[in-house]
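This report concerns only the one structure given below.
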C-alpha cells in the first residue's frame, strides 16, 4: 500500500513569490493534516481536513496560507506571497477514522521550503 | 511555557546501554500520548502509543503518569539503528482541536559502537 506522498520534496523561492505544496494521503483516509517545522522549533499543527471539509484551521499562521482538498482526495497548501519566516519543512499526515484519538497518523516525507 | 517539554539531548550512549527519555505536558486536557521517532531529514513515524498502565514493545517501554503529567520512554539494549530523534506527542481531547498532534521538540539519541 502506498504511503502519504508529498510534492515537491524541495522548493526554493524568493520572497514574494507563490508556492503550492501538494499532499496525496493514503487511499481511503478521510483525515488529512498539515504540519510545519521551522528551524529550531517543534513540529506544529496547521490544519485538519475531514474529507473535503476543513475541520480545524486554528494553526494556520495568517491569510497568506490557503489549503484546499477538493473532492476529498489530495490536498494543496498555497503560500502567497511567501515570506522569509515561511521557510521550513511542511509535513502532511493522514489517518483513517474520525473521532478516534488514538488513530495513527501517517506522515509524508515532507516538503522542504526555503524562501530567500 | 511549551505545551510539551523534552530534554533536547543529545544522549550519546554505547551499544547495549539502557537509556531513558522523559517528557512533561502542561495541558491536563491531554488525552492521548505517543512516542514518535524521526530519523534525520525524514518524516516522523509512530514508535508506540503510551497508556496509563504502561506498555512494552520489545526493547521499548513507555510509561504515563497522569497525576504528574509525565511520560517516559525506556530503551534497553540500545542498537546503532536506534539513533534518531524521539518526539513526545500528545492529543488534547477537549477545549481545542481534537485529533491534531502536539509535538515536543524531540530528544536526540546517538548510539555509538
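Filtering the stretch A:47-66 to residues that are in contact with a strand residue (DSSP E or B) (Cβ under 7 Å, 6 or more places away or on another chain), closer than 16 Å to residue A:86 by Cβ and more than 9 Å from chain B (Cβ to nearest Cβ) leaves A:60, A:64, A:65, A:66. With respect to the conditions (1) surrounded by 14 or more Cβ atoms within 10 Å (Cβ to Cβ); (2) within 13 Å of chain B (Cβ to nearest Cβ); (3) assigned to a loop (DSSP other than H, G, I, E, B), residue A:81 falls short on a single one, namely (2). Just to be sure before I move on: is residue A:19 touching a helix residue (DSSP H, G or I) at 6+ places or on another chain (Cβ under 7 Å), at pLDDT 95 or above, on the phi < 0 side of the Ramachandran plot and more than 10 Å from every other protein chain (Cβ to nearest Cβ) in the structure I sent? Taking the combined requirement at face value, the residue does not satisfy it.
Which residue, of B:90, B:111, is touching a residue at least 40 places away in the same chain (Cβ under 8 Å), within 12 Å of chain A (Cβ to nearest Cβ), more than 20 Å from residue A:39 (Cβ to Cβ) and surrounded by 15 or more Cβ atoms within 10 Å (Cβ to Cβ)? Can you show your working first?
On the way: B:111 fails: within 12 Å of chain A (Cβ to nearest Cβ).
Matching residue, one of B:90, B:111: B:90.
Considering only residues that are more than 9 Å from every other protein chain (Cβ to nearest Cβ) and assigned to a strand (DSSP E or B), look in the stretch A:30-45 and name the one that is nearest to the chain's Cα centre (by Cα).
Let us first name the residues in the stretch A:30-45 that are more than 9 Å from every other protein chain (Cβ to nearest Cβ), namely A:30, A:32, A:34, A:36, A:38-39.
After this cut, where a residue has to be assigned to a strand (DSSP E or B) as well, the list is A:32, A:34, A:36.
On the way: A:32: 8, A:34: 3, A:36: 7 Å.
Across the stretch A:30-45, the extreme among qualifying residues is A:34.
The values are calculated or read from the model by the stated rules, or taken from the named source; none is laboratory data. Bear in mind the structure is a predicted one, so any value in this text is a computation, not a measurement. Cβ atoms come from the backbone with ideal geometry, glycine included; neighbour counts cover every protein chain shown.
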